[in-house]
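So the structure is just underneath, and the comments pick up after that.
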Amino acid sequence: MNRRKKLNQILRANAKKASAKLAPKNKDTYVSKADRLKLAEANAEATTESTPEAVHPSETV
């Protein structure tokens, strides 16, 4: 590989990295597995407390 091509390759790579840093982040922040379980439990408790017990149509008295 000649000198000019190698320099252009290095400069192009550095420019690509710099523009990638400036690009907006589309990724959500990482939530650990333990935190996800805690959130799921909290949501499950909130939904069971807020909704009354459902009566199935087949259970008529």
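Can you list the HN-Hα couplings for segment 9-18, worked out from phi with the Karplus curve (6.51, -1.76, 1.60; θ = phi - 60°), rounded to whole Hz and with x for Gly and Pro?
Working through the residues one at a time gives 5, 5, 5, 5, 5, 5, 5, 5, 5, 5 Hz.
Please go through segment 2-41 and write out the trypsin sites (Lys or Arg not before Pro) that DSSP classes as loop and that have at most 12 other C-beta atoms within 10 Å.
Lys25, Lys27
Within straight cross-link reach of Lys21, meaning Cα distance under 28 Å, which lysines are found once same-chain residues fewer than 8 apart are removed?
Lys5, Lys6, Lys33
None of the figures in this text is laboratory data; all of them are computed from the coordinates on show. Computed from a predicted structure; not experimentally measured. Cβ: placed from backbone, ideal geometry, glycine included. Neighbour counts: every protein chain shown.
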